[in-house]
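Here is the structure we will look at.
Readers should treat all values here as calculations from the given coordinates under stated rules, not as data from a laboratory. Just so it is clear, the model here is predicted, and its values are computed rather than measured. Ideal geometry is used to build each Cβ from the backbone, glycine not excepted, and the neighbour counts take in all protein chains shown.
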Amino acid sequence: MTTRRFIVEPRGLASVRLSLLIPLISVLAALIVGGLFLALTGENPFSVYQHMVDAAFGSSRGVSETLISATPLILTGLAAAVAFKMLVWNIGAEGQFLLGAIFSSGIAIAMGDGAPAALVIPVVIVAGGIGGALWAGIAAIPRVYLGVNEIITTLMLNFIALNLMNYLIFGSSSPWRDPEVSTFPTGRPIPDSGRFPEFFNRLDLSFIIAVALALLAWYLVGKTRWGFEVRVVGDSADTARYAGISVPKKILGVFLLSGAFAGLAGGLYVAGPVGALDPRSLDLGLGFTGIIVAALARLNPVAVIPVAILMGALNNAGPSLQSIGVPPEIVLMLQGAILIFAVGGEFFIANRIRPREKVLEELSEEVEAA
Amino acid sequence: MSLELRNIHKHFGAVRANDGITLTVETGTLHGLLGENGAGKSTLMKVLSGFHSADSGEIVLDGRPITLASPADAIAAGIGMLHQDPLVFLPFNVLDNFLLGSPGTRRLDRRAAASELQSLCDRYGFNLDPSAPARLLTVGERQQLEIVRLLWLGARVLILDEPTTGISADQRAKLFTTLRALAEEGMSVIFVSHKLEEVADLCRRVTVMTRGKVVGEAVLPTPPERLVEMMFGQAVEIQERDDVALGASHLTLERVRTADGLLSEEPISLDVKAGEVVGIAGMEGSGQDTFLRLCCGMRNPKEGTVAIAGRDLTGKHYREYLASHVKYLPAGRLEEGLIEGLTISEHFLLAGEDPGLLIDWGSAHRRSEEQIEHYGIKGRKSSTAESLSGGNQQRLLLAMLPPELTLLLMEHPTRGLDIESANWVWEQLLARRHQGTSIVFASADLDELLRYSDRILVFFSGRIIGELDAGTATVDELGLLIGGRRSAAGEVSS
Amino acid sequence: MNDSQLILTMFAAIGLGTPLIFATVGEIITERAGILNLGVQGMMLVGAVSGFWATFETGSLTLGVVVAMIAGAVFSLIHAFASITLRVSQIVSGLALTIFGTGLASFLGKAGSDPLVGEPSRETFEPLITGGIADWPVVGPLLFGHDLMVYVALVVAGAASYYLFRTRMGLSLRAVGEEPASAESAGVNVAWVRYAHVMVGGALAGLGGAYYSLALSPTWQDNPIGEAGWIAIALVILASWRPWRAIFAAYLFGAAVRIQFTLQTLGSPWSDVPSSLLAMLPFILAIVAMLALTSGKRARLLGAPAALGVPYFREER
Ligand SMILES: Nc1ncnc2c1ncn2[C@@H]1O[C@H](COP(=O)(O)OP(=O)(O)O)[C@@H](O)[C@H]1O
Ligand SMILES: [Mg+2]
């Protein structure tokens, strides 16, 4: 009577091997999909991919630019990873990133040239985190205390933040705007005391800080009581509540932390490679790419680092494709496809699929053994 | 319609819920399916109604093997089921619920459906208002709606899974009359229950299941001892309760009332002593869970005071109650309160009250080792919750209760457990009384209420309508009260 | 603001609101089945590029519209498969659809030896009626001066309302979005209903996207739709999951977009209002609406489907 040839069963704990294998397969599958589209439009996928690898890793300059691209992605990836782990759907890293950038550049400009770098740099970084956390708070507080769905509010806040930045640069003569450029407005460069020194081509301290923050996040989530309780709330809010954990406070904390990571990305980007609140360098979809990073890293803060480097490499390689006549948007397609396969892959990590005969055989063997 | 199930197997993980079941139901029969909780009855019926697909086996309807890939297939084949889990109804009115899944043209002809509904209701003496929101129906009325809908959809085999849980004695009598009438008309009715009396009262044939297997069949009437023997192998010993001396007040409610909804009409006063066990009875949704939540600070009263061991905690947060050694285990907690992926140690960590920033693994490991030893849990401190067998999960849950406990509030402490596990649970709970723990528990199982309580509070539509002394009350008295009739014997609380 | 500018603004608001009606009604139908699809932006873009391409190749607007709808529906299958069959996070899967679709649309517009980018459309939607009643003062242009798709959008919204509340399939659909298990036990095929309505949503999003590339800005460019897909998701809430309300919500947003340009033409002090602040308005409005309408228990009264975003698996308990 049964028509099903396969039986799907929850696996319980995922095996380590699978959690490494499935993301790898996701990337491969995405490359194949991208390759099909490339082939359909008359390109040789292999030479295109070869070109991308060369651009991203083929020279010391390529490597350093890849790491620069990866830096904000580590942090937006962390923003998504800590939030999603607790089923807080903060998809507003984009906006929190921009607010971080606005706060950092604002404070750096306000402190001016005179202040010592040893003071300005920490202040600038922290300001970024605060900006992101505050922006996240606009969605977090209604979510926690009124039950307002955060998916839509965080999403809408992205566009508000984007327009806020545009207003500061294009729509007003705010302190963020460079007074010396009048034809096509741009951001005012922050004082040198707020900028990181570069040590490997254009690469600067911000990459090191991002990696350190990822390790810190791993420690926080994996090793502290707070992180433990957060995991419990994420697994089962009811259980946590009956165990006496304050669920609203935990959710609020995670939400703000997530916003702070995204804001730090903005802050480090300003203090690092960009050096100003510049709409053209900041509106890059780094928040959404962070979600891809988190998904492929399976929400593991340490795994976020290599995955962010991979995505950074793609972002870095994109523009160079123009020189061989391939639309750089292939990169966005690849990233989208990676996310599709990574999220689909979660099913295979969570479930075991076996032919019915095999399951039945195993069951009858167990009976004989007993 | 004659129906045959042949050699049905169905497993969930390590549990063999159905282990080679063969069963024949004849046309126009009331067929009982009897077995303790967890025997696999619901699983078998879900296979029969297309909800689960069996691992292997055959369903034969009127001599022809059929394939049921979905409930829609089952309904098309004439098999309809009323589920055991509290029927969740859509936020539609009665008529739209009735119409759901109905055959016919694309347009909804509500007028025609309403008259159809009316004539079916008339035929079976039901009284359903087509425009009433379905969520306002009593459990009994929901069943009536479900039955007429399935009949309208052309069901020839009707499955009722534990339909008498949560309905009044009156409604039960009416249900039984309807089922008999349906069988007269040639319908095959499968009546699933773990209550022997009900099956004996209603059915013509009975199949008994234990641990996923059929262990016996009989034509009724048959001596009840035979059925008991089939169900339990040998007569089981019920965990008996010993008496303990009651102590000081542990829970004192004074004229407590909520702002709206259930329990907002009549203020409630109650005093529970150390070592006392108070049972809470009533139909599902009569206010029991609101009451328990009031007692533990998860809900704040509009008026009145709540005191724990003499200390006024009115309006305080649940965590203050926890700190005063009050613990609340809501329904499903005993079965589902463990967290997949967390180890035994981590569960104890969760249960402990360690306020530090960093985790004190040392003490968590120590405590889990002690408790594993003390409760005889078969597992290691690094075993994850889901790797434990069901019985050991129960043990872990009880072991996680704090050592010092003033008041324990519970919903359905043994729902879904087989008799041995239920006994074990009560053994643990009753032992707690010797340390002065007071227990307040809600249950739908009248025997459990009468057996383990000192007294029983009966809730009806958001009020306490009676209090019974468990030592002297009978099942009938309790049933009447639950159905909403104030009995002369029980004193009505203020 | 004088009368003619008011009329112009209203006229333009109707045009700008039209694609939003398609996309919003589509998302309402999808969400009513219990599936949240954040891929609207991606599906619209895929519809925009494929519709443009089909019309460009054949010169037929009808074909362009049909191809856009099919493309949107097929593309939405990715989300349907991930959320219904694989039961993974609907939020992430929807975002993936948007990212992939955005990349795909740009890529297809630029790829090949003879790329579409910069090409004007061979055909565009023109007003149905010119002269006659369309020239009547005030009501003439507002009621009769639009192209066919404006009226089609109204019919689609009306039909969707009828479908949801007056047909058997609509009843099943709503039941599935509220309580899949109950619906299933009443004989409704939950997976089938969900697949079908995710695809309906995809088709309507595709249609909305094509309206941009074939009517509102009929020259192929990267992302001709702006943030329309995201706005549609916000409009679902403003319309409280009722298709006919989507009409008003969409027109209102159309007006909010258009007013920026109107103000520019009015001279000082109106033209000094920074456009970036005005551009924020729709999004602020959506957040305010979220706060006012969906906090706490009111969300249920409004009509948010109870099972929205929750994966359903029959054999789970
Ligand atoms: N969906 C499910 N997933 C996992 N285990 C299940 C599921 N349904 C039932 N079981 C297990 O199968 C066994 C039989 O359950 P059930 O059929 O509900 O018994 P009954 O209805 O006789 O009380 C129990 O051990 C129960 O825990
Ligand atoms: Mg059962």
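At a glance:
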{"read-out": "Projected area averaged over orientations for the protein assembly as shown, convex hull of C-alpha atoms, nm²", "value": "50.7"}
{"read-out": "In degrees, nearest ten, helix B:169-184 long axis to first principal axis of chain B (Cα)", "value": "20"}
{"read-out": "Amide H within-cut-off set for residue A:276, under 5 Å, with H built and near neighbours excluded", "value": "A:190"}
{"read-out": "Which listed pairs, of A:85/B:381; B:195/B:378; A:358/B:213; B:273/B:302; A:223/A:249, have C-alpha distances above 28 Å, in listed order", "value": "B:195/B:378"}
{"read-out": "Burial ordering of B:209, B:400, fewest other beta-carbon atoms within 10 Å first", "value": "B:400, B:209"}
{"read-out": "Sorted by Cβ neighbour density within 10 Å, fewest at the top, the residues A:153, B:474, B:314", "value": "B:474, B:314, A:153"}
{"read-out": "Cα long-axis angle, helix C:61-80 against chain C (0 to 90 degrees, to the nearest 10)", "value": "40"}
{"read-out": "Of all DSSP beta bridges in the stretch B:85-238, antiparallel share, percent nearest 5", "value": "60"}
{"read-out": "Under-5 Å amide H pairs with residue B:20, H placed in peptide plane, nonlocal only", "value": "B:8, B:9, B:10"}
{"read-out": "Over the stretch A:65-300 - Rg/Rh using Cα atoms and the Kirkwood inverse-distance radius", "value": "1.00"}
{"read-out": "The stretch B:357-483: proportion of alpha-carbon pairs further apart than 26 angstrom, %", "value": "35"}
{"read-out": "Cut-off 19 Å (backbone N to label point 7 Å along Cα→Cβ of residue C:219), residues of the stretch C:117-136", "value": "C:117-126"}
{"read-out": "Inter-site label distance for residue C:244 and residue B:305 at 7 Å from Cα along Cβ, in nm", "value": "5.7"}
{"read-out": "Chain C, helix-only ellipticity at 222 nm - DSSP H runs n ≥ 4, -39,500 (n - 2.57), divided by all residues, nearest 500", "value": "-22000 deg cm²/dmol"}
{"read-out": "Number of partner chain Cβ atoms within 10 Å, mean per residue of A:138-144", "value": "1"}
{"read-out": "P(r) weight above 17 Å for the stretch A:174-303, C-alpha pairs, percent", "value": "69"}
{"read-out": "FRET efficiency, residue B:222 to residue B:361 (Cβ-Cβ, R0 51 Å, nearest 0.05)", "value": "0.30"}
{"read-out": "Local electrostatic count, residue B:185, Cβ distance below 12 Å [Lys/Arg +1, Asp/Glu -1]", "value": "+2"}
{"read-out": "Calculated [θ] (222 nm, deg cm²/dmol) that DSSP helices of n ≥ 4 give over chain B, each run adding -39,500 (n - 2.57)", "value": "-9500 deg cm²/dmol"}
{"read-out": "Order of B:272, A:211, B:306 - criterion: other Cβ atoms within 10 Å of each residue's Cβ, fewest first", "value": "A:211, B:272, B:306"}
{"read-out": "Surrounding net charge for residue C:244, when Lys and Arg each add one and Asp and Glu each subtract one, Cβ distance under 14 Å", "value": "+4"}
{"read-out": "Antiparallel content of DSSP bridges confined to the protein assembly as shown, in %, to 5", "value": "60"}
{"read-out": "Virtual spin-label span in nm between residue C:159 and residue C:271, 7 Å along Cα→Cβ", "value": "4.4"}
{"read-out": "Net charge, residue B:321 excluded, C-beta distance under 11 Å - Lys, Arg +1, Asp, Glu -1", "value": "+4"}
{"read-out": "Nearest-0.05 FRET efficiency for residue C:81 and residue B:431, computed from C-beta distance (R0 60 Å)", "value": "0.65"}
{"read-out": "Stretchable slack from residue A:284 to residue A:201, in nm (0.36 nm times residue separation minus alpha-carbon distance)", "value": "27.7 nm"}
{"read-out": "Nearest-0.05 FRET efficiency for residue B:373 and residue A:356, computed from C-beta distance (R0 51 Å)", "value": "0.75"}
{"read-out": "Antiparallel %, DSSP beta bridges [both residues in chain B], to 5", "value": "55"}
{"read-out": "Whole-Å distance, taken between Cα centres, linking the stretch A:54-89 and the stretch A:257-296", "value": "9"}
{"read-out": "Nearby aspartates and glutamates by direct alpha-carbon distance to residue A:250 (threshold 15 angstrom, same-chain neighbours under 8 apart not counted)", "value": "A:229, A:235, A:238"}
